[in-house]
């Protein structure tokens with residue numbers, strides 16, 4: 001799936017998306033972040049900043065410049081501990097004094113399978129992990145955070161990373177990197193867990209959302225259709241992996257080269273990490289077996 005060409009937001013300028021909601025796109029475009037990280041400002045007087053973004057002084061100034069004289073940042077909410085979402089939280093706090101909310105440090109929320117892999121050093125991912133992130137307040141799943149004219153409910157949605165949360169606001173949801181319209185989410189063990197990712201998608205499907213506000217890219221206007229696509233897409237990748245393994249044992253990179261035929265070489269390592277996540281999930285389903293201790297170069301065969 002190629003990124004759409006019709007999303008060209010002004011970088012560093014606040015755009016109104018809904019009454020009481022604005023978006024500022026950070027100046028960190030890349031193949032993994034699309035046009036940049038979306039920072040959201042929610043509220044009319046007491047402002048919640050959702051995903052302050054990367055460590056960038058221009059973006060910090062853009063957030064502060066978006067405030068009117070009667071507005072004050074009272075809450076800083078971080079969806080997950082990746083370098084394009086969380087590092088600006090502390091510098092922003094130093095300017096406004098607001099508490100930082102998140103599920104916990106980067107390692108919190110890992111599944112037991114991924115905890116074992118990380119402890120044994122079997123798999124190394126670490127794509128852009130903010131290892132210094134520690135929120136002032138660790139949100140529990142379902143916990144509600146309230147401002148003067150807004151209310152957010154934290155939904156623990158592991159998959160992209162164990163400490164990932166979405167934030168429900170009325171009939172919309174800030175989905176960060178779990179659901180985006182321009183690309184599917186990277187799932188890279190041991191920080192990412194595909195089994196958890198699929199469960200989180202199915203959990204979000206239970207709600208009648210009006211729209212999603214993602215961490216990168218434009219608004220998702222048909223949330224359930226997008227979730228259905230993500231689930232079907234992953235099931236399709238699973239089928240392709242199993243089909244490829246019928247030809248004989250292979251490692252994640254070899255499988256990625258067979259399956260992601262139109263992916264640029266620069267993105268092939270990320271594709272291989274996604275395939276590895278599928279292979280670990282398939283171990284749990286008793287469909288494949290590793291031929292050596294788990295690692296990036298481990299070869300797998302059908303069970």
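The values are calculated or read from the model by the stated rules, or taken from the named source; none is laboratory data. Here the structure is a predicted model, which is why all the values come from computation and not from measurement. Note that we place each Cβ from the backbone using ideal geometry, even for glycine, and neighbour counts take in every protein chain shown.
Take residue 293 and tell me if it is at pLDDT below 95, part of a helix (DSSP H, G or I) and either surrounded by fewer than 17 Cβ atoms within 10 Å (Cβ to Cβ) or out of contact with any helix residue (DSSP H, G or I) (no Cβ under 9 Å at 6 or more places or on another chain) (or both).
Details: at pLDDT below 95: yes; part of a helix (DSSP H, G or I): no; either surrounded by fewer than 17 Cβ atoms within 10 Å (Cβ to Cβ) or out of contact with any helix residue (DSSP H, G or I) (no Cβ under 9 Å at 6 or more places or on another chain) (or both): yes.
Against the criterion (at pLDDT below 95, part of a helix (DSSP H, G or I) and either surrounded by fewer than 17 Cβ atoms within 10 Å (Cβ to Cβ) or out of contact with any helix residue (DSSP H, G or I) (no Cβ under 9 Å at 6 or more places or on another chain) (or both)), residue 293 does not qualify.
Count, please, the residues in segment 16-36 that happen to be at pLDDT 95 or above and either more than 19 Å from residue 174 (Cβ to Cβ) or touching a strand residue (DSSP E or B) at 6+ places or on another chain (Cβ under 7 Å) (or both).
13
Only one of these conditions is not met by residue 10: (1) without any contact (Cβ under 8 Å) to a residue 40 or more places away in the chain; (2) assigned by TED's automatic domain parsing to the domain that holds residue 148. Which number is it?
(2)
Out of 255, 282, which single residue is more than 20 Å from residue 113 (Cα to Cα) and touching a helix residue (DSSP H, G or I) at 6+ places or on another chain (Cβ under 8 Å)? Give the steps one after another, and end with the answer.
Working: 282 fails: more than 20 Å from residue 113 (Cα to Cα).
Just a single option satisfies the conditions, and that option is 255.
Keeping to segment 204-233, report how many residues are assigned to a helix (DSSP H, G or I) and closer than 20 Å to residue 78 by Cβ. Can you show your working first?
Within segment 204-233, the first condition is being assigned to a helix (DSSP H, G or I), and the residues that meet it are 204, 223-233.
Adding the requirement that they be closer than 20 Å to residue 78 by Cβ leaves 204.
Summing the residues that are assigned to a helix (DSSP H, G or I) and closer than 20 Å to residue 78 by Cβ in segment 204-233 gives 1.
Evaluate segment 5-15: report whether one residue or more is farther than 18 Å from residue 215 by Cα and touching a strand residue (DSSP E or B) at 6+ places or on another chain (Cβ under 8 Å).
Our first condition is that a residue be farther than 18 Å from residue 215 by Cα; within segment 5-15, this holds for none.
Looking for residues that are farther than 18 Å from residue 215 by Cα and touching a strand residue (DSSP E or B) at 6+ places or on another chain (Cβ under 8 Å), one finds none in segment 5-15, hence no.
Of everything in segment 103-150, what is within 11 Å of residue 75 (Cβ to Cβ) and assigned to a strand (DSSP E or B)? Give them in sequence order.
137, 145, 146
I'd like the full set of residues that are part of a helix (DSSP H, G or I) and either over 21 Å from the mean Cα position of the chain (by Cα) or not assigned by TED's automatic domain parsing to the domain that holds residue 298 (or both), limited to segment 257-273. Don't jump to the end; show me each part of the working.
We begin by selecting, within segment 257-273, every residue part of a helix (DSSP H, G or I); these are 257-259, 265-273.
If the condition is that a residue be part of a helix (DSSP H, G or I) and either over 21 Å from the mean Cα position of the chain (by Cα) or not assigned by TED's automatic domain parsing to the domain that holds residue 298 (or both), then 257, 258, 259, 265 are the ones that fit.
Here is a list: 141, 196. Which entry is buried (at least 21 other Cβ atoms within 10 Å of the Cβ), assigned by TED's automatic domain parsing to the domain that holds residue 28 and over 28 Å from residue 8 (Cα atoms)? Full working, then the answer.
Values: 141 fails: buried (at least 21 other Cβ atoms within 10 Å of the Cβ).
Unique residue meeting the criteria: 196.
Could you go through segment 78-92 and let me know if any residue there is assigned to a strand (DSSP E or B) and touching a strand residue (DSSP E or B) at 6+ places or on another chain (Cβ under 9 Å). Before the answer, list the steps.
Taking segment 78-92 first, the residues assigned to a strand (DSSP E or B) are 82.
Narrowing further to those that are touching a strand residue (DSSP E or B) at 6+ places or on another chain (Cβ under 9 Å): 82.
Yes - at least one qualifying residue is present in segment 78-92.
Among 179, 220, 187, which is the only one that is crowded, with 24+ Cβ neighbours inside 10 Å, in the same structural domain as residue 52 (by TED's automatic domain parsing), at pLDDT 95 or above and touching a helix residue (DSSP H, G or I) at 6+ places or on another chain (Cβ under 8 Å)? Give the steps one after another, and end with the answer.
Working: 220 fails: crowded, with 24+ Cβ neighbours inside 10 Å; 187 fails: at pLDDT 95 or above.
Going through 179, 220, 187 in turn, just one is crowded, with 24+ Cβ neighbours inside 10 Å, in the same structural domain as residue 52 (by TED's automatic domain parsing), at pLDDT 95 or above and touching a helix residue (DSSP H, G or I) at 6+ places or on another chain (Cβ under 8 Å): 179.
Can you confirm whether segment 243-266 contains a residue that is within 30 Å of residue 170 (Cα to Cα), at pLDDT 95 or above and surrounded by 17 or more Cβ atoms within 10 Å (Cβ to Cβ)? First the steps, then the outcome.
Taking segment 243-266 first, the residues within 30 Å of residue 170 (Cα to Cα) are none.
The answer is no, given that none of the residues of segment 243-266 is within 30 Å of residue 170 (Cα to Cα), at pLDDT 95 or above and surrounded by 17 or more Cβ atoms within 10 Å (Cβ to Cβ).
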